Each structure stands twice: as structure tokens, then as C-alpha cells.
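Below is one structure, written out as C-alpha cells, with a few remarks after it.
Each value in this text was obtained by applying a stated rule to the coordinates, not by laboratory testing. On a predicted model such as this, the values are computed, not experimentally measured, just so you know. Here the Cβ positions follow ideal geometry from the backbone for every residue, glycine too, while neighbour counts run over all protein chains shown.
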Amino acid sequence: MSESTGKPKTRTAPRVGRATTSKPRAARSDTPGDSVAPRIRFSATLHRPLVTGKAVDWTFLLLPQEASARLPSRGMASVEGLFQGVAFQATLSPDGQGSHWLKVERALREAAGVRPGDVVTLEIAPMAREPEPMVPADLHRALTASSPQVRAVWSDITPVARRDWIQWIESARREETRLKRIETACDMLAHGKRRPCCFDRSGIYSKALSCPVADETPEG
């Protein structure tokens, strides 16, 4: 499962961390500064994820198919707009079924005054400038320990390409697969490869990506 997270800060090479979680932002004008596409308006139910072990305080929602279809990619898509009237930026993740889902952090949920089970209204538009993804710690360590050639290629590729590498690594279901992909990524970068080969960014064909399962237990 691939997460969807909010706008990370721009970083310099080797550019670390993931690009997913929705953050509230100061109110802005109705036309986002970084967006040029018309806004996509829709409503969706906010869910708690079904988890085992330690409880989490984030929630999520699944975009309606007709809203997702207006996004420029079946893979990850960076957007900005309004969440129940609160300005935010986030990167939507593919659900493996041709749609997208949004991870809603507690800060945004509380700023909007909503709870799991509520129907929320969103107005979003694709961002004209892709935000810099945050690199996971294990990939960052591998990049730091790699040759100057690897780090040079990593720094030279676009934020979208860096996001593709990160998504490919994080879509691994087993830890050993993840570690192997990090090793493979560094080797491919060393040979000048700028994107992972034959990666299904939507998850539709590989079945490697999915939306969280909703916890239907009534709140106590």
C-alpha cells in the first residue's frame, strides 16, 4: 500500500523523505497559486483505517471515480485546494483500482472540524509545480553511502522521477524485497537510469498498491 501525504519542504541533494500527508495551510484565494487546471469538486466519507497493534490518529478518504478520472495521472498526483474549506496540499496515492485515496492527518481533520464517518467536501486541482518528495531513511542512507555518480544522477532527475523511485521501493510488500529494490535502485542510478523500469505506477496491473481498509467499528 502506498501512502498519500501532504506537501513536504523542498530539500537539496540528495533530497530526503516521502511526499504524502495532508497538511492544513493558511487560507488563500480561490485560485491556487501553483495550479492552472480547473478545480475538481466532490464529497467523500472520512474513514479510520483498520490497523492492528498501535492505534493511529490519521484518517483517509477514497476519491469518487469521476473525480479521480479528471486527474492527470493514474499514479500518484500532487494537488492543492480546499478540504472542508481549509486550504491544503497533498499527494494522492493510487488505490490499484483506477482511483486515488487521500491520507488526512489529524491536524487537517481538526482544522476542518470533522470526525471519522463525516462526509467532507473537497475542491482540488493538480499542482503546476511538483513538490519535492521526502526520501525514506533507509533509501537516504543508501544514497549517502553510494558513489558520487549515483548521488549526481539522483540530484539531476526531476522531483517526479525521484517520487517514482520512492513509490517503487515503498510498494514492496516484504522487507527483503524493499531492501533489494534499494540496492537495485542505486545500481541503476549508477548506470545512468533515471526511472525504475517497467513500474506500474497505478497498481492496476501489478496489484501492488491499494487503499487502506476502513475500520467500521463504531466510535466509542
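In whole angstrom, how far apart do the alpha carbon centroids of the range 144-175 and the range 108-136 sit?
Cα centroid to Cα centroid, the span is 25 Å.
Calculate the FRET efficiency for ASP138 and SER43 from the Cβ-Cβ distance with a Förster distance of 30 Å, rounded to the nearest 0.05.
So the FRET efficiency works out to roughly 0.20.
Please identify the GluC sites (Glu not before Pro) of the range 124-182 that satisfy two criteria: DSSP loop assignment and at most 16 other Cβ atoms within 10 Å. Which are they?
Nothing satisfies the criteria.
Assuming a viscosity of 1.567 mPa s and a temperature of 4 °C, what translational diffusion coefficient in µm² per second does Stokes-Einstein assign to the range 23-126, Rh being the Kirkwood radius over Cα pairs?
Answer, rounded: 93 µm²/s.
Taking the beta-carbon count within 10 Å as an exposure proxy, list LEU50, LEU179, LEU92 from fewest neighbours to most.
Fewest-to-most Cβ neighbours within 10 Å comes out as LEU50, LEU179, LEU92.
Working out 0.36 nm times the residue gap between ARG70 and GLU110, then minus their Cα-Cα distance, what length gain in nm do you get to one decimal?
11.6 nm
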